[in-house]
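Undergrad: The structure under discussion is supplied below as structure tokens; questions concerning it will follow.
The values are calculated or read from the model by the stated rules, or taken from the named source; none is laboratory data. The shown structure was predicted, so the numbers you read here are calculated from the model rather than taken from an experiment. Positions of Cβ are generated from backbone atoms using ideal geometry, with glycine treated the same way; all protein chains shown enter the neighbour counts. What goes into the accessible areas is simple: the full protein's heavy atoms, side chains included, and nothing from ligands, DNA or RNA. Shrake-Rupley method; radii C 1.70, N 1.55, O 1.52, S 1.80 Å.
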Amino acid sequence: MGIPDLQKIKELFNTEKIASNKKLLVYVFFVGIATIFWFLNALGKEYTTTVHYPVRYVNLPQNKVLTNKLPEKLALKVNAYGFDLIRYKISTAFLSNPFDVGFYTNNRIENRTLQTYSLATAQIMSRFERDLSSNIKLVSISPDTIRFEFSPIVEKKVPIKSNVSSTFEQQFMLDEAISLEFDSVVVKGPSSILDSIDFVETEELVLTNLHKTVKKKVSLKQIGGLEFDQRKVEITVPVEQFTEEKVTVPIKVSNLPDSLLLRLFPGDVKVSYFVGFKKHDKVSVDLFDVRVDYNQTSDEGSNKLKIQLLSSPGFVTNVRFYPQEVTYLKEKKSFE
């Protein structure tokens, strides 16, 4: 051990420092004792102060729904001794207290025709005081009025829209329309929300590389404040193998005057399409409406007309035709 270490040890036992530290400790001790007595004396006095009273509202009417935001805390002006206030604040620091709406309003809000109700907090002070400590006197409650706004609960039947995204393996296609287990749902909720709802959509269903019919249960998209009588619906995606076929369809003329003939070159078009094997036999030429419009002809310039496909069978896809336009020649009808 070196000389510097011995020096430090000697300083610890320095009588002057020991005496100085002892005086400091005695001073701190008596200050602490005095503070405790002051604090106890202060708690023994009576105070008027404001405490925050967190609430959760219970016993609301079942036949309607609350549409406005209620105060989460009430400011209570109280009169009590310090001991009682400290005890109350500690016991309620992490609690929310039930606010029985039916009890405090004498169940007046159960009336179906009543849409708004203003509760003056001064009228419920005597009842409210029972929920506080018996040693705390309630002076006032803020806010002075709690306003309840309601909307009647109604029911409405609305259609369901499927939200399906699908791809198919080669040579497979959608066979007819995607169908739902049920096409509508009964929705229940406040009229203020329900009046703007025209349909309910399913959650997105993504299907890839389909080669056979698929059935899936899918949830309905929830809407805040509303309840559905069904939460899920089964979606059927019919899939069928298809083939490509062609037919020759004669071209019709729209808006042709009775006194004229319109000769077309060529007079028909080749139409190709995809059709499922099961509906192969149902395709006929008369299900395709291919036309040109006489009103688009001109006595000067081009003698070509654009061909339009006005309709085709709903169960075929990828419909194409050739040619896209024809040459025409006008002739007057001969009347004998």
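Undergrad: Is there a residue being in a strand (DSSP E or B), over 26 Å from Phe172 (Cα atoms), of a type outside the set (S, T, N, Q) and at pLDDT 90 or above anywhere in the stretch 312-325?
TA: For the stretch 312-325, residues in a strand (DSSP E or B), over 26 Å from Phe172 (Cα atoms), of a type outside the set (S, T, N, Q) and at pLDDT 90 or above: present.
Undergrad: Is it true that some residue in the stretch 115-133 is out of contact with any Ser or Thr (no Cβ under 7 Å at 6 or more places or on another chain), open to solvent by less than 60 Å² (accessible area, probe 1.4 Å) and in a strand (DSSP E or B)?
TA: no
Undergrad: Follow-up. Which members of the stretch 255-288 meet the condition of being surrounded by 13 or more Cβ atoms within 10 Å (Cβ to Cβ) and of a type in the set (S, T, N, Q)?
TA: Correct list: Ser272 only.
Undergrad: Looking at (1) surrounded by 11 or more Cβ atoms within 10 Å (Cβ to Cβ); (2) touching a strand residue (DSSP E or B) at 6+ places or on another chain (Cβ under 6 Å), find the lone condition where Thr297 falls short.
TA: Here Thr297 clears every test but (2).
Undergrad: Same structure, new question: Would you be able to tell me the number of residues in the stretch 184-220 that are assigned to a strand (DSSP E or B), surrounded by fewer than 17 Cβ atoms within 10 Å (Cβ to Cβ) and among the β-branched types (Val, Ile, Thr)?
TA: 4
Undergrad: Would you tally the residues in the stretch 251-271 being over 30 Å from Gln171 (Cβ atoms) and assigned to a strand (DSSP E or B)?
TA: 9
Undergrad: So, in the stretch 167-181, exactly how many residues are assigned to a loop (DSSP other than H, G, I, E, B) and open to solvent by less than 50 Å² (accessible area, probe 1.4 Å)?
TA: Adding up the residues that qualify gives 1.
Undergrad: Need the failing condition index for Lys157 against (1) open to solvent by less than 70 Å² (accessible area, probe 1.4 Å); (2) part of a strand (DSSP E or B), just the number.
TA: The single condition Lys157 does not satisfy is (1).
Undergrad: Additional query: Give me the pairs, please: first residue somewhere in the stretch 227-242 and within 28 Å of Gln62 (Cα to Cα), second residue anywhere and open to solvent by 80 Å² or more (accessible area, probe 1.4 Å) and part of a strand (DSSP E or B), beta-carbon distance under 7 Å, and either six or more positions apart or on two chains.
TA: Note: pairs meeting the criteria are Glu227/Lys188; Lys232/Lys217.
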